[in-house]
Every structure is written in structure tokens, then in C-alpha cells.
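Peer 1: Structure incoming, see below.
The values are calculated or read from the model by the stated rules, or taken from the named source; none is laboratory data. In this text the structure is predicted, and so the values were computed from the model without any measurement. Please note: Cβ atoms are built from the backbone with ideal geometry, for glycine as well, and neighbour counts cover all protein chains shown. All accessible areas refer to the heavy atoms of the entire protein, side chains included, with ligands and DNA or RNA removed. Shrake-Rupley method; radii C 1.70, N 1.55, O 1.52, S 1.80 Å.
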Amino acid sequence: MDYEVVIGLEVHVELKTKAKIFCSCSTAFGGEPNSHVCPFCLGLPGALPVLNKKAVELATRAALALGCTVHKTSTFHRKNYFYPDLPAAYQISQYDKPLATGGKITLSNGKTIGITRVHMEAEAGKSLHQGDDILAAEYSLEDFNRSGIGLIEIVSEPDIRSPEEAKEYLEQLKAILQYAEVSDCKMEEGSLRCDANISLRKRGSKELGTKTELKNLNSFRAVERALEYEVQRQSEVLKSGGEVVQETRTWDEARGITSPMRSKEEAEDYRYFPEPDLMPLELEEGWIEEIRSQLPELPRDRALRFQEEYGLNEYDSGLMVSTKEMADFYEATVKLFPEPKEVANWLMVEVQRLLRSSEQEIQESKLLPENLAQLLKLVKDGTISGSVAKTVLEESFATGEEPKKIVEAKGLSQISDEGQLREIVASVVEANPKSVADYKTGKGKALGFLVGQVMKQTRGMANPQLTNKILKEYLEQQ
Amino acid sequence: MSINREVVEHVAKLAKLAISEEEAEQFTNEIAGILAYAEKLNALDTTGVDPLISPVPMQAVLRDDIVEENLSQQEALAAAPEVQDGMFKVPRIIEEE
Ligand SMILES: [Zn+2]
């Protein structure tokens, strides 16, 4: 039996405001527990919400960047449930009249994934379970610093057809939200979180199969792996004639499996009702248009421009726009060293390697666009060889020092002086009579060996093209 | 909407209210009466009428994104029955089966 995979994603993103969405407490990450709290975000009786204008602006900007229709009127509801990290026992969210609906994200293969809705809500507090996990914990500790930070929930249509597509959707979504400066989107700090719904159906069928909901997905890689596992698990259940049970399953990163979470009888009965303390949110058309006009160039548009303007291919342009900072770094370097493909290659290979091994983002490293451009100029004018350039890059990356100064200080300039090279070539040839004889009898490898010897003597500083030329001339004369 | 004992018990459970057998019976009757009264509104044709959110036309008031001093940790925890490491201590979240 051939099955089609149907995936929908729900992404929660913390809005980058200074104050919380309904009160004036700080949203700063970290800090002493329960030090960014007030009667409202502690759920104390009588405290009233007042909506943060910036939160509305950022949510609107996100919705517009995702191609959604932003509604002139939207309303707030209470979602009721008991959990220790939810002090009022309800979350203020949006229900039947969300901020925005009907957007899309275009994947690199041109396929579009629909976005059902974008709505605003308030974050819960944070539970620290005192034990190995929530089941083992005898008790838990609650910190409400996070309680009441503004969130947007972005719900996709069930248009995603594979775990790889899910990962790409998330990468694109994250890039768009970062470009729009809506959120930091740091999964490790919890400012971006993702839950996934997945079901299988017979290929060609229009009806949706029974879905499971996956939680505890702590990285994009985890989302992909958990979905891959679930495709396998559900198809085995169906092939053996069984039925998929509708349930919430949690991803176990260490064991690489999903397992059912204990179901609560009251689950999914949130008794939504209109939030009596908040009036409908009315947005003026002019304000929405003003926000739209301030949207920056978004990643996909930028990638297309990079292809057109700099001649990059689809793959390279995708990597160059993966974060706004990388794209800015790339363009700043190209401005100073106008060989766009060369710059992209260095960023994708050597710089990427250094970023990965130091676990940094480009903006966190000490490397500057002017220093990368200077380095590439030194290679181009023959001052240093490509291999020396890698060493200089490492140093400039670690210290922020100018490549020129590193080359001077360490005497790394390439030897391009013909007279000096001739002397070295002569001594190498003299010391290796056998290789000279091999060369004469037409053994091509001998030349390579002799070039290697020159490099060894000059600690790699000899200009390779020049060395080759001089060595050949010298051998012919023998 | 029809109300019966099961619905009352379910709602009580969701609201974490412990009610006795007699109370369940009593509330079923009382809520049924209240709902029957409210049902009278259904006699009106509300096609094309927007829900009234507030009797006075009002819209959300927005605040600027400014952080203000709020409670200290000590004040925040003052009424907590149990505290540890600057946090509210709460009982086991998921009951063992
Ligand atoms: Zn607060």
C-alpha cells in the first residue's frame, strides 16, 4: 500500500517587545526568578490587561510578511485550563476572529504551503520539575518571568508532504520572522517552538487519516527526525491492518522515538469565551499599510535578486540569505570585492567551517566584511596563496585583525621574486638528481615532487604558478 | 442546549469543583432552568446581526512598549504557601496511575 504523508505545523514565536503583551513587566530572558512580574501576569484577582501597541505592530508585521490578510477587527478569548504555569487558569488568546488569515510560504522547489492563521496570545510561565522529568517529579517550581510575554501562533495548512518539507518550511518561516525583526526565533531559549500534526492516507484519497500531535520538538532537526519516525510507525500500524490512535505523542531525543503522553480526560475542552476585559482590536487601514511599507526585503526576494544581480545559483543564493546577517555580510563584502561567486564560495566553505567549529553566527564572530574583502584581494594580487589565506582567515576570524597586518607580522607574503625563486629551485634540483632523471624520462609525477620540495623549503610561501614555470624552464635547460 | 447530570459533573470536573450527589442534582435543575430562560432569546431572528461585544461602542486601548518597575521577588512570593529558590513550589503535576 502506498501512503501519502500529511503534515501541518503550529509554531509559537515570542514577540520581540520590551514589555509583556498585557502588562508593563520586562520580557528580558534570564534574570532572578519571579522578578519580572506584576499582579496581572501572576493572575492575581482584579488585575486588568492593557494591550501593548508594539506587540500588535510586530504581530501585524509578521502576518504581512507571511502574505496574510490582516483583519480590521479581531477579538480576544479566554482559553481555560488548569496548569501550574498558567496562574489565572486561562490564557488570553484569539479564537474565532484572529488577527490574520490566509498566508503562504514558498519552498525552494516552488511549492507553496498555506498559512491558515496568525493570532496573538500570552505566554505561560516556566515549570522546573524537581526530578528526572515531569512524571518522576515529586514537586515543581514555577517562575512567572515568562508569563504574559506576547506570542504569535502561526498555523499552517496540512499542505506539507514530507519531513524534509517540514524542515524547510520552518527554516523559511524563521528567516522571514528574523528578517521582519519580529522575533529572535531562538529555539534553545524557547522563543520559537513547534508542534506537528501528522497523518497518513492512501495516495489519491481526499480524506484525511487519523492524526497524531507531536510535542517536545526542540530543534528543526528534532522536528524532521520525529516526523520521520512517525511516518514509519504509522505506516507499520496501517500495513498490519491496525488503526492509528488520535493522541499526543512526545519526542524522546535520546532514544529517537515518539511515545504517547498521558491523556488527560479534560484535554481539548478549553471552553473558550470572549475575554470580557479586552475590547475588540480595531486596526486602521492606514496603519496596516504603513507597516506593510516598512517591511524589509524578505529572504526569498533577496535570494532571487542575488541570483539575478550576482549570478549565484539557487542553492548558493539560498545559503547566502539564510539569515539577514549573513546576507548583509555577503553584500557588504561584495561591495568591496566585486567578485560575487568568489565571496560566496569563501563564505560557504571556509567561513562556514569556522562558524560551525566555534558554534557562532556570523554576527557573533569577529570577522568583518572589510577584512574578508581585503583577504580576497591579497589572494587575487598574488601576495598570498590560497592555502595561506585560509590560515590568515582563521586568525582574522578569531582576533578581528586585518589580514594585511597578519601577513606582515607573520611574514606570510608569497615569494613572487623570480631571482629568489630561481635560487631555491636550483638548490632543490641539485639535491634531487633522481627526480631530475625521472623527469627527463617523462615521468610526470617528478615535477609535482620537485614543486612540493620548493614549497617545503619556503614553508608554502612560494608562488605556485611562478614556481612551476621556473622549475620547468630550469629542468629543460639541464 | 440541553443540560443533564453528566454535563454538570463534567463541567464541575473541568472547573476543579468537588460537588456532592445532591449538589449535582440541584445544579442540574437550576442550570436547566437558567438555560431554558436564556433559550427565549433564540426566538429572535439574528441573521446578519453582529454579536454585541459591549453595550457601548468601544475598542481596545493600546499601551506603549515601556517597561515599568513592578513587584519585587519578595512581594511576588509573599502570599505563596510554599517557596523554594525564589519560585512558587507546587505539588506533583501529573498523578501517578
Ligand atoms: Zn506583569
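Peer 1: From the list B:Ala80, B:Ala60, exactly one residue is among the small types (Gly, Ala, Ser), at the interface with chain A (Cβ under 8 Å from one of its Cβ atoms) and surrounded by 12 or more Cβ atoms within 10 Å (Cβ to Cβ). Which is it?
Peer 2: After ruling out the rest, the residue left standing is B:Ala60.
Peer 1: Considering only residues that are more than 29 Å from A:Ile288 (Cα to Cα) and either of a type in the set (Gly, Ala, Ser) or more than 10 Å from the ligand (Cβ to nearest atom) (or both), which ones fall in region A:19-43?
Peer 2: A:Phe29, A:Gly30, A:Gly31, A:Glu32, A:Pro33, A:Asn34, A:Ser35, A:Gly43 - these are the residues of region A:19-43 that are more than 29 Å from A:Ile288 (Cα to Cα) and either of a type in the set (Gly, Ala, Ser) or more than 10 Å from the ligand (Cβ to nearest atom) (or both).
Conditions (1) part of a loop (DSSP other than H, G, I, E, B); (2) polar (S, T, N, Q); (3) without any contact (Cβ under 8 Å) to a residue 12 or more places away in the chain; (4) within 14 Å of chain B (Cβ to nearest Cβ), marked per residue:
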| position | (1), (2), (3), (4) |
| --- | --- |
| A:Ala137 | yes, no, yes, yes |
| A:Ile154 | no, no, no, no |
| A:Glu165 | no, no, no, no |
| A:Leu173 | no, no, no, no |
| A:Cys185 | yes, no, no, no |
| A:Gly209 | yes, no, no, no |
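Peer 1: Would you tally the residues in region A:44-57 being within 16 Å of the ligand (Cβ to nearest atom), facing chain B (nearest Cβ under 8 Å) and not β-branched (Val, Ile, Thr)?
Peer 2: Number of matching residues: 4.
Peer 1: Can you tell which of A:Thr73, A:Thr60, A:Thr69 is within 9 Å of chain B (Cβ to nearest Cβ) and closer than 29 Å to A:Gly8 by Cβ?
Peer 2: A:Thr73
Peer 1: All but one of (1) within 30 Å of A:Tyr83 (Cα to Cα); (2) open to solvent by 100 Å² or more (accessible area, probe 1.4 Å); (3) more than 19 Å from the chain's Cα centre (by Cα); (4) not aromatic (Phe, Trp, Tyr) hold for B:Ser20; which doesn't?
Peer 2: (2)
Peer 1: While we're on this one: Do we have A:Arg300 as in a helix (DSSP H, G or I) and in contact with a strand residue (DSSP E or B) (Cβ under 7 Å, 6 or more places away or on another chain) here?
Peer 2: Here the answer is yes, as A:Arg300 does meet what is asked.
Peer 1: Okay, moving on. Regarding B:Ile66, is this residue part of a helix (DSSP H, G or I) and open to solvent by 50 Å² or more (accessible area, probe 1.4 Å)?
Peer 2: Considered against the rule, which asks whether it is part of a helix (DSSP H, G or I) and open to solvent by 50 Å² or more (accessible area, probe 1.4 Å), B:Ile66 comes out as no.
Listed here are the residues, each with its yes/no results for (1) part of a loop (DSSP other than H, G, I, E, B); (2) among the aliphatic types (A, V, I, L, M).
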position: B:Ser2; (1), (2): yes, no
position: B:Val7; (1), (2): no, yes
position: B:Glu25; (1), (2): no, no
position: B:Gly48; (1), (2): yes, no
position: B:Ser54; (1), (2): yes, no
position: B:Gln59; (1), (2): yes, no
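Peer 1: Among the residues of region A:211-236, which ones are out of contact with any Leu (no Cβ under 8 Å at 6 or more places or on another chain), touching a residue at least 60 places away in the same chain (Cβ under 8 Å) and open to solvent by less than 30 Å² (accessible area, probe 1.4 Å)?
Peer 2: A:Glu224, the sole residue that qualifies.
Peer 1: Now for a different question. Determine which member of the set A:Gly102, A:Gly114 is more than 16 Å from the ligand (Cβ to nearest atom), more than 14 Å from chain B (Cβ to nearest Cβ), at positive phi and modelled with pLDDT of 95 or more.
Peer 2: Residue meeting the stated conditions: A:Gly102.
Peer 1: Counting only residues that are outside any loop (DSSP other than H, G, I, E, B) and within 13 Å of another protein chain (Cβ to nearest Cβ), how many does region A:79-99 have?
Peer 2: 4
Peer 1: Please determine whether any residue of region A:67-81 is among the hydrophobic types (A, V, I, L, M, F, W, C) and within 16 Å of the ligand (Cβ to nearest atom).
Peer 2: No.
Peer 1: Also, quick follow-up: Please go through region A:326-369 and give me each residue that is among the small types (Gly, Ala, Ser) and open to solvent by 10 Å² or more (accessible area, probe 1.4 Å), ordered by number.
Peer 2: Listed by number, the residues that qualify are A:Ala332, A:Ser357, A:Ser358, A:Ser365.
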